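A short worksheet on the structure shown next.
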Amino acid sequence: MASLTLAPAATALVVIDLQKGIVGMQTHPRPASEVVANSARLARRFRDMGAPVVLVNVAFPVGGAALRPAADVTLQLPPTAPPGWEELVPELGQQPSDILITKRQWGAFYGTGLDMHLRRRGVQTIVLTGIATNIGVESTARDAYERGFHQVIVEDATASSVSTAMHEFAHHNIFPRIAQVRKTEEVLRALTT
């Protein structure tokens, strides 16, 4: 495993879907509270270093019109979001300098300004956290890879809403092929001035 060094001037933290409606779900292999706590630690450090923090939430499409191609298994969502469902959790300590992205599909790049925000700031590497490992995080990671971004996916700052097996499959079979997989402490140590 290669050593990790992150230059704050070219690195952004991208936090996926740590919002009230999602962190309230059961997650695997760790509780959502642990994912939130580790993501919040990283966000504080990135802000202290002057590196961009991107907070992503997912919102129900306006009027309920979502892209939903035919599939054998579909996500069962209520017709409208319960009050507060889309709100980012306060533990993230959202700041005015944070970049806010609202997505309406699994990945944070599709139909949003995320790519533009990152490129305008000279970001070459993204550090990715959030829920769910095998949905929003993986979709965003695949898109980032195809756009040429270097990535670090923080294993102990992600969790699956489906199962531990799904989380582990992504971290052992998908992410090592498109990113570096590290723990929160390793990322905190890798941020250098």
Among T11, T102, T140, which comes first, then next, by fewest other beta-carbon atoms within 10 Å? T102, T11, T140
Among A40, A12, A108: highest mean-square fluctuation, GNM of the chain, C-alpha pairs under 10 Å: A40
Using helices alone, what [θ] at 222 nm do you get for the chain, with -39,500 (n - 2.57) per DSSP H run of 4 or more residues, divided over all residues and rounded to the nearest 500? -7500 deg cm²/dmol
Excluding I101 itself, what net charge comes from residues whose Cβ is under 13 Å from its Cβ, given Lys and Arg +1 and Asp and Glu -1? -3
Listing F175, F169 from the residue with the fewest other Cβ atoms within 10 Å to the one with the most, what is the order? F169, F175
Centre separation in Å (Cα based) which lies between segment 141-176 and segment 100-139: 13 Å
Arrange the following residues from fewest to most other Cβ atoms within 10 Å of their Cβ: V36, V15, V181, V73. V73, V181, V36, V15
Counting only other residues whose beta carbon sits under 9 Å from that of L4, what net charge do I get with K and R as +1, D and E as -1? +1
Radius of gyration and Dmax over the Cα atoms of segment 96-180, both given in Å: 12.6, 37
Kindly provide the Kirkwood hydrodynamic radius of the chain in Å, to one decimal, from all pairs of distinct alpha carbon atoms. 16.6 Å
Can you compute 3J(HN,Hα) from phi for each residue in segment 154-165, using the Karplus curve 6.51 cos²θ - 1.76 cosθ + 1.60 with θ = phi - 60°, rounded to whole Hz and x for Gly and Pro? 8, 4, 8, 10, 9, 7, 9, 8, 9, 6, 4, 4
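Only the coordinates and a few stated rules stand behind these numbers; no lab work does. The structure displayed is predicted, hence computed values, not measured ones. Positions of Cβ are backbone-derived with ideal geometry, glycine not excepted, and every protein chain shown enters the neighbour counts.
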